[in-house]
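Have a look at the structure below before the remarks.
The values are calculated or read from the model by the stated rules, or taken from the named source; none is laboratory data. Just so you know, these numbers come straight off a predicted model, no measurement behind them. Ideal geometry is used to build each Cβ from the backbone, glycine not excepted, and the neighbour counts take in all protein chains shown. Protein only, heavy atoms only, side chains kept; ligands, DNA and RNA dropped before computing areas. Shrake-Rupley method; radii C 1.70, N 1.55, O 1.52, S 1.80 Å.
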Amino acid sequence: MAERTVHSQMWIRRGCLIALGLWTAGASGRAEAAEAKQADVVVYGGTSAGVIAAIASAREGKSVVLLEPGKHLGGMVSGGLGATDTGNRKAIGGYSLEFFQRIRAYYTEKYGKDSEQVRLCSDGFRFEPKVAEATFKAMLEETKVEVVFGARLDRIEKSESTIKVIHTTKGPSYAALVFIDASYEGDLMAAAGVRSTVGREGRDQYGETLAGVQAHSPSHQWPVNVSVFDDQGKLLPFVQPGKGGAAGAGDRKVQAYNYRLCMTLNKDNMVPFPKPEGYDPDRFELLARYLAKNPKVRVGQLMNPVPLPNGKTDTNNNGPFSTDHIGANWDYPEADKATRQTIQQDHITYTQGFLYFLANDPRVPKALHDEMNLWGLAKDEFNDTDHWPHQLYVREARRMLGAYIMTQRDIMEEHIKPDTIGLGSYNTDSHHVQRVANSEGFALNEGDFQIRLRPYAIPYRSLTPKAEECANLLTPICLSASHVAYGTIRMEPVYMILGQASGVAAALAVDGKTSVQDVPYEKLGAKLSEQKAVLSPEGLGGPALSRIDPKSLRGIVVDDSQASKTGNWMPSSSLSPFIGEGYVHDINENKGRMALKFTPELPRAGRYEVRLYAPSSPNRATNVPVNVHSADGERTLKIDQRKERKGGVPIVIGVFSFEAGATGWVEVRNEGTNGHVVVDALEFLPVQGTGEAGKDQAK
């Protein structure tokens, strides 16, 4: 009876393979898929997304094989990134949230609910690397997922638009109905012939104001001027040649990678920072010059050690010269294994050299030297890699050009999607891309931008290739997004959210004998909702933002979203309060080529006080030109946006006569301005009498 059941299952599987074009017999009678190990779903990459994708498919009753090229599960989550980048935690649900809840339960059960460990675990979003990996392993074991380590992709067999078999360098081959590429690099996606891109788009490609080279990088990070040239006029190490490109131009460069270090102050659980092979202190001349000009710098200004339970840290990049190896990774995304290993080792050598320099070099100020020598690597972490993280932080590699490409508009304006499979909410987190000499020969870090966002939906279509390129592949990490959009999507909780959606969609494709593109969203969305995924951003609000309801104001309000725009104004919501969904600014660029024209629909003729809403800041312009076209004629004024104003207090431009209807207008421009020009909304407030309020505001 058992033998008959096995044969029945084999023939059912064979029928499914034929339906998806995965079963092909050559002239010799050889059936390649039959020779390979069979599964419903094969997941490539044991990252957090890969683990959750495998679990999601297995919980739907599918046979799943998880292939991991290395020796560990969890990717960055178990590789040092223990201080989770969450954004709005209400946007995290489903199996992603389950993982973090399990982390909290572990610390609670082991140490007690009132323990310091539970406090530091921050509801499960901060944890030790080994605890994260153990949690992933336990979840996989519960679902009977087969995990194969050392299974690096070698090549694939593909029939038209369908992957038949993938071969690994370890030896075995694997056939499946659906494949999921959950690697950070997108190697399976590339091998399948799915088109992708690397680097930064130019601003014109998708109409993104944040795209391309950041000419006036808002976070160049160097508080003092440091020359990047030696005595012979040659560039110092860790500085790239050239000027970095024109403002807004695209390139093939990617944001910096680093290692998230698990450090400790606990002498009983510490190993000293290793001296890397071939260490050359002269390579760190730029850092030495910076410290000489800024001798009061402390450890927290050169790196960011975030506390984790049991006296450990997740130490990330911070400051002008830190653990980010800026400009050293541009070739990594599409490189072969040997080249990637070389780049990875270069990152290890760089970071270990950076730490060793700070702890030992005589040019380091004594206070910083002494503080640095209080720290070391946690002895009970990463035991098979000399206590060094096993995962390089590949912040961005290939990005698919799939069925739907997410862009700046999707994360800042069009927050709702008809086929949403989860939410993102973290800020637009792009690290620096390059370090170059500015026009005066001083160090300039370029590429960073950080804009806070409200939660936004991610569509299922962004996980699927174009149907003609591949019909049975999903990509939860190297999904279809521009560089600007990817900077916020690329957070590990979101990867897990997208992994869950991929795993469930793969199961539905198997059940329906359909391509991944034809999975019915009504079934996918319903399944995800049952699994407590958060699918709608409505009602979640933004991260610590304060909005002014235009209906609460007494006048007629015209928001920036209703104004006629000339030029590419960049939306933002970094400072609050603001009216509506945020405000716009000119990036302090394209002077003389940008304008916003506000045309109110006034109920009656009369005198109106015109008020400009825009959050103040020290980087604002003091000479913003404003044209007022009213019944009094046309008048040009200049206003100061730098002067501090708290609580959403507007700038009063003046009092003017307007006819009823939409005959008058006010235009804010940026020609000749000496800082950022920022505009949120204009209010037209009816006034009594003929006095002109706020005349001192305009000059």
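Taken residue by residue, region 142-161 has no member that is more than 17 Å from residue 54 (Cα to Cα) and part of a helix (DSSP H, G or I). Restricting attention to region 481-505, which residues are small (Gly, Ala, Ser) and either closer than 13 Å to residue 182 by Cα or open to solvent by 10 Å² or more (accessible area, probe 1.4 Å) (or both)? Across region 481-505, the qualifying residues are 499, 501, 502, 503.
Where strands (runs of 3 or more DSSP E) fall wholly inside region 552-627, the ranges with 2 or more residues that are open to solvent by less than 40 Å² (accessible area, probe 1.4 Å) are 556-559, 570-572, 583-585, 595-598, 606-613. For region 112-137, the set of residues classified as of a type outside the set (D, E, K, R) and not in a loop (DSSP other than H, G, I, E, B) consists of 117, 118, 120, 121, 122, 124, 129, 131, 132, 134, 135, 136, listed by residue number. Could you please tell me which pairs satisfy a Cβ distance under 9 Å, a separation of 6+ or placement on different chains, a first residue in region 98-124 that is of a type in the set (Gly, Ala, Ser), and a second residue that is modelled with pLDDT of 95 or more and open to solvent by 30 Å² or more (accessible area, probe 1.4 Å)? Note: pairs meeting the criteria are 115/108; 122/104; 124/97; 124/101; 124/102; 124/104; 124/105; 124/106.
Under the condition of being farther than 23 Å from residue 234 by Cβ and either open to solvent by 50 Å² or more (accessible area, probe 1.4 Å) or not in a helix (DSSP H, G or I) (or both), the residues counted in region 264-299 number 18. All told, residue 423 falls short of being aliphatic (A, V, I, L, M), touching a residue at least 24 places away in the same chain (Cβ under 8 Å) and over 29 Å from residue 531 (Cβ atoms). Somewhere in region 217-240, is a residue assigned to a loop (DSSP other than H, G, I, E, B), out of contact with any helix residue (DSSP H, G or I) (no Cβ under 9 Å at 6 or more places or on another chain), at pLDDT 95 or above and among the β-branched types (Val, Ile, Thr)? Taking every residue of region 217-240 in turn, none turns out to be assigned to a loop (DSSP other than H, G, I, E, B), out of contact with any helix residue (DSSP H, G or I) (no Cβ under 9 Å at 6 or more places or on another chain), at pLDDT 95 or above and among the β-branched types (Val, Ile, Thr). Checking each residue in region 369-388 for being under 15 Å from residue 305 (Cα atoms) and either open to solvent by less than 60 Å² (accessible area, probe 1.4 Å) or among the aromatic types (Phe, Trp, Tyr) (or both) picks out 371, 372, 375, 376, 377, 378. For region 161-218, filtered to residues that are within 24 Å of residue 334 (Cβ to Cβ), under 21 Å from the mean Cα position of the chain (by Cα) and polar (S, T, N, Q), the residue that is surrounded by the most Cβ atoms within 10 Å (Cβ to Cβ) is 183. Each residue in region 135-155 was checked for being over 19 Å from residue 86 (Cα atoms) and crowded, with 17+ Cβ neighbours inside 10 Å, and 7 of them qualify.
Contact annotation: residue pairs with Cβ atoms under 8 Å, 6 or more positions apart or on different chains, pairing a residue in region 142-153 that is touching a residue at least 40 places away in the same chain (Cβ under 8 Å) with a partner that is surrounded by 14 or more Cβ atoms within 10 Å (Cβ to Cβ) and among the acidic types (Asp, Glu), are 147/68; 148/68; 149/68; 150/68; 151/68; 153/187. Among the numbered conditions (1) within 19 Å of residue 393 (Cα to Cα); (2) under 14 Å from the mean Cα position of the chain (by Cα), the only one that residue 434 does not meet is (2). Which ones in region 657-684 are out of contact with any helix residue (DSSP H, G or I) (no Cβ under 7 Å at 6 or more places or on another chain) and open to solvent by less than 10 Å² (accessible area, probe 1.4 Å)? Correct list: 658, 664, 666, 668, 670, 675, 677, 678, 682, 683, 684.
Candidates are the residues of region 628-679 that are in contact with a His (Cβ under 6 Å, 6 or more places away or on another chain) and part of a strand (DSSP E or B); the one that is farthest from residue 569 (Cα to Cα) is 665. In region 593-613, the residue that is farthest from the chain's Cα centre (by Cα) out of those that are of a type in the set (Gly, Ala, Ser) and on the phi < 0 side of the Ramachandran plot is 605. Does at least one position in region 239-246 carry a residue that is under 21 Å from residue 82 (Cβ atoms) and of a type in the set (S, T, N, Q)? Checking region 239-246: not a single residue is under 21 Å from residue 82 (Cβ atoms) and of a type in the set (S, T, N, Q). Here residue 349 passes the criteria (1) within 22 Å of residue 264 (Cβ to Cβ); (2) open to solvent by 20 Å² or more (accessible area, probe 1.4 Å) except the one numbered (1). Residues that are hydroxyl-bearing (Ser, Thr, Tyr) and part of a loop (DSSP other than H, G, I, E, B) within region 35-82 comprise 63, 78, listed in sequence order. Could you tell me whether region 83-95 includes any residue that is modelled with pLDDT of 55 or more, among the acidic types (Asp, Glu), open to solvent by less than 40 Å² (accessible area, probe 1.4 Å) and not in a strand (DSSP E or B)? Yes: region 83-95 contains one or more residues that are modelled with pLDDT of 55 or more, among the acidic types (Asp, Glu), open to solvent by less than 40 Å² (accessible area, probe 1.4 Å) and not in a strand (DSSP E or B). Pairs meeting the criteria (first residue in region 519-541 and within 21 Å of residue 87 (Cβ to Cβ), second residue among the aromatic types (Phe, Trp, Tyr) and buried (at least 18 other Cβ atoms within 10 Å of the Cβ), beta carbons under 9 Å, at least 6 apart or on different chains) are 531/95; 532/95; 533/95; 537/456. Residue pairs whose Cβ atoms lie under 7 Å apart, separated by 6 or more positions or on different chains, with the first residue in region 469-480 and free of Cβ contacts under 8 Å to residues at least 40 places away in the same chain and part of a loop (DSSP other than H, G, I, E, B) and the second hydrophobic (A, V, I, L, M, F, W, C) and surrounded by fewer than 24 Cβ atoms within 10 Å (Cβ to Cβ), do not occur.
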